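Below is one structure; the comments refer to it alone.
The values are calculated or read from the model by the stated rules, or taken from the named source; none is laboratory data. Keep in mind that this is a model prediction, so the values were computed, not measured. Glycine also receives a Cβ, built like all others from the backbone with ideal geometry; neighbour counts cover every protein chain displayed. Keep in mind that these areas ignore ligands, DNA and RNA; they rest on the heavy atoms of the full protein, side chains included. Shrake-Rupley method; radii C 1.70, N 1.55, O 1.52, S 1.80 Å.
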Amino acid sequence: MSDKYQVAIEDIEDEGIFEFDFDDDIKELEDCHICAELDLRSVGDFVEVKGHADGKITLECDRCLNKFEYNLNFDIDETFAKNSLLDEYGAELELSDGQFITDLNGAKEIDIYDLLYQSVILALPNKKVCGINCNEGLFVSEETKPHDSRMDVFKNIQIKK
């Protein structure tokens with residue numbers, strides 16, 4: 001990817017808090033545009049990246065296979081180790097609950113594009129459904145649907161839009 005998405009660790013150390021604004025498409029994903037405001041901070045042997053991102057992506061519904069637009073809105077809280085964790089700490093590095101550290105293996109830059117790509121993938125829902133009233137698939141007909149008489153009570157419920 002382009003050098004404009006690479007942030008040098010040296011620049012982060014010089015600035016104290018390095019602010020990075022991202023407003024671009026994630027090319028590997030269909031119609032995915034992300035806006036993010038990130039703060040990168042050098043903390044000893046680590047670099048913390050915190051911020052917020054939002055955007056839109058086109059997904060395919062798992063039920064009806066139609067495309068729909070999905071709104072993304074997520075926080076970013078990542079920690080990168082400047083040096084190799086294995087060399088520096090051996091097998092004994094205690095992580096607190098929910099903490100993950102990405103090992104840069106001595107790299108001198110952090111790839112913001114890759115960080116946002118991975119964050120978008122993690123922010124996607126497990127089940128991609130276009131809406132609450134989505135039909136249950138292209139190939140399901142009333143004759144082939146299993147009938148559960150306990151559900152008959154819900155047949156007359158209507159959702160107002």
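Quick notes on this one:
- Consider segment 103-161 and keep the residues that are modelled with pLDDT under 90 and part of a helix (DSSP H, G or I). The one that is least open to solvent (accessible area, probe 1.4 Å) is Asp152.
- Going through (1) touching a strand residue (DSSP E or B) at 6+ places or on another chain (Cβ under 9 Å); (2) exposed (fewer than 12 other Cβ atoms within 10 Å of the Cβ); (3) modelled with pLDDT of 90 or more; (4) not hydrophobic (A, V, I, L, M, F, W, C) one by one, Gly16 falls short only on (3).
- Candidate set: segment 62-77, residues that are more than 12 Å from the chain's Cα centre (by Cα) and aromatic (Phe, Trp, Tyr); chosen: the one least open to solvent (accessible area, probe 1.4 Å): Phe68
- When residues of segment 19-53 are limited to those that are out of contact with any helix residue (DSSP H, G or I) (no Cβ under 9 Å at 6 or more places or on another chain) and of a type in the set (Gly, Ala, Ser), the one least open to solvent (accessible area, probe 1.4 Å): Gly51
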